[in-house]
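Participant: Got a structure for you, written out below as structure tokens; questions coming shortly.
The values are calculated or read from the model by the stated rules, or taken from the named source; none is laboratory data. In this text, all values refer to a predicted model and were calculated from it rather than measured experimentally. Here the Cβ positions follow ideal geometry from the backbone for every residue, glycine too, while neighbour counts run over all protein chains shown.
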């Protein structure tokens, strides 16, 4: 292939390390979004413990993914967990045994797609830290050792499997050149924070693609905690005609609060993420129409319902308040208006708080009433309703 722009992939970091029933369930979510490839990390340490058992698990994963129309990009080594000892020549025999075993197991599998020789070779403490200054690695030979390692396994992988393309998942486009001659696809990652800086990253990658006459792939992108929203990063991929592997399929583990599309039950944290994967982006231009929460008087009705739910019923020597469920029902009308008209932050949406109250065995009535009152005040202010 000379063009990989049709890759609509996802990083699936635990894909080969979980039971197949769980893989099937989670790849079912990927299929709903028409994702067609997955980048999965292999673990040299797991292979060392029990080579046959580990490879059987990897093969089972690749075959399972193929059933869902999802090809596999295995990552052979991870620069993030780099052990400097593996960069020495005396590791070659062990490293080659591992790579050879993986290639023999996968090269004839129909779901096998691209070999990623190493994820982010420069993103580790071995490169980032040195004795004198943060930039000593440019002159102390550390980078040379890393690139020698990557080049060695590029050549070794190509020798054993000339039928599948090679790439290296570089941390930035500026890392591409040292291995550009050794791979078939120039891959980079992009977690930059503004439209301007992301586009500059693509400009550099495109320039290198033209220089080396090789296709491009963005094999990691989108991070909530780095000001790199999914809809922006994917929109720029489409604009620049570059295939992608977003990070990542599932919301789990260490990165759960910054990455991921799906929760285990198939719900999502933000519907704009699957929308952007399908190629639908938010209108941020002058033609955008702001929703009107009181178009048919529903804001008035919702505020009135909360007022009624919070009103005490007072008769001679008797005082009664509405049930907690009555208050929550009125609050839900208000919450739904606020959320669908985008009048409140969605970090902790009001509807989620309502659900939590309803799941409590004995919610505090005063807390529920206070919450409902606050919702009514927000809606009244946003819609400029006269008290």
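Participant: Which number in (1) exposed (fewer than 14 other Cβ atoms within 10 Å of the Cβ); (2) touching a helix residue (DSSP H, G or I) at 6+ places or on another chain (Cβ under 8 Å) marks the one condition that residue 254 misses?
Facilitator: Only one criterion is unmet by residue 254, namely (2).
Participant: What number of residues within region 372-387 satisfy the criterion of being surrounded by 19 or more Cβ atoms within 10 Å (Cβ to Cβ) and within 13 Å of residue 310 (Cα to Cα)?
Facilitator: Number of matching residues: 3.
Participant: Considering each of 179, 197 in turn, give the residue that is over 18 Å from residue 79 (Cα atoms) and assigned to a helix (DSSP H, G or I).
Facilitator: Result: 197 is the single residue among 179, 197 that is over 18 Å from residue 79 (Cα atoms) and assigned to a helix (DSSP H, G or I).
Listed here are the residues, each with its yes/no results for (1) crowded, with 20+ Cβ neighbours inside 10 Å; (2) without any contact (Cβ under 8 Å) to a residue 60 or more places away in the chain.
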site	(1), (2)
2	no, no
12	yes, no
20	no, yes
31	no, yes
37	yes, no
41	yes, no
45	no, yes
52	no, yes
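Participant: Can you tell me which of (1) farther than 29 Å from residue 216 by Cβ; (2) at pLDDT below 95 is the one residue 54 doesn't meet?
Facilitator: Among (1) farther than 29 Å from residue 216 by Cβ; (2) at pLDDT below 95, the lone unmet condition for residue 54 is (2).
Participant: For residue 273, are the conditions met, namely being at pLDDT 95 or above, assigned by TED's automatic domain parsing to the domain that holds residue 189 and not in a loop (DSSP other than H, G, I, E, B)?
Facilitator: So residue 273 passes the test.
Participant: Let me ask something else. Restricting to region 152-177, give me the number of residues that are closer than 18 Å to residue 126 by Cα and in contact with a helix residue (DSSP H, G or I) (Cβ under 9 Å, 6 or more places away or on another chain).
Facilitator: 4
Participant: Just checking: which of the helices (runs of 4 or more DSSP H) contained wholly in region 1-85 hold 2 or more residues that are more than 22 Å from residue 155 (Cα to Cα) and under 23 Å from the mean Cα position of the chain (by Cα)?
Facilitator: 20-32, 51-67
Participant: Something else about it: Give region 268-307 a look and list any residue that's more than 30 Å from residue 377 (Cα to Cα) and free of Cβ contacts under 8 Å to residues at least 40 places away in the same chain, or say none.
Facilitator: Passing the criteria: only 280.
Participant: Against the conditions (1) assigned to a loop (DSSP other than H, G, I, E, B); (2) surrounded by fewer than 21 Cβ atoms within 10 Å (Cβ to Cβ); (3) modelled with pLDDT of 95 or more, where does residue 140 fall short? Just the number, please.
Facilitator: All conditions are met except number (3).
Participant: Taking residue 207 as the residue in question, decide whether it is surrounded by fewer than 20 Cβ atoms within 10 Å (Cβ to Cβ), in the same structural domain as residue 93 (by TED's automatic domain parsing) and not in a loop (DSSP other than H, G, I, E, B).
Facilitator: In short, yes.
Participant: Of all residues in region 334-355, which are touching a helix residue (DSSP H, G or I) at 6+ places or on another chain (Cβ under 8 Å), over 13 Å from residue 371 (Cα atoms) and in a helix (DSSP H, G or I)?
Facilitator: The answer is 336, 337, 338, 339.
Participant: Hey, does region 276-293 have a residue that's within 36 Å of the chain's Cα centre (by Cα), assigned to a helix (DSSP H, G or I) and under 30 Å from residue 234 (Cβ atoms)?
Facilitator: Scanning region 276-293, I find at least one residue that is within 36 Å of the chain's Cα centre (by Cα), assigned to a helix (DSSP H, G or I) and under 30 Å from residue 234 (Cβ atoms), so the answer is yes.
Participant: Right, residue 363: surrounded by 16 or more Cβ atoms within 10 Å (Cβ to Cβ), without any contact (Cβ under 8 Å) to a residue 60 or more places away in the chain, at negative phi and over 35 Å from the mean Cα position of the chain (by Cα) or not?
Facilitator: Taking the combined requirement at face value, the residue satisfies it.
Participant: Report, by residue number, each residue of region 164-175 that is within 7 Å of residue 188 (Cα to Cα) and crowded, with 24+ Cβ neighbours inside 10 Å.
Facilitator: Correct list: 169, 170, 173.
Participant: Just a yes or no: is a residue in region 68-76 in contact with a helix residue (DSSP H, G or I) (Cβ under 8 Å, 6 or more places away or on another chain) and more than 23 Å from residue 185 (Cα to Cα)?
Facilitator: Yes: one or more hits.
Participant: Looking for whichever is in contact with a strand residue (DSSP E or B) (Cβ under 9 Å, 6 or more places away or on another chain), part of a helix (DSSP H, G or I) and under 22 Å from residue 5 (Cβ atoms) here; the options are 233, 187, 219. Which one fits?
Facilitator: From the options 233, 187, 219, the qualifying one is 233.
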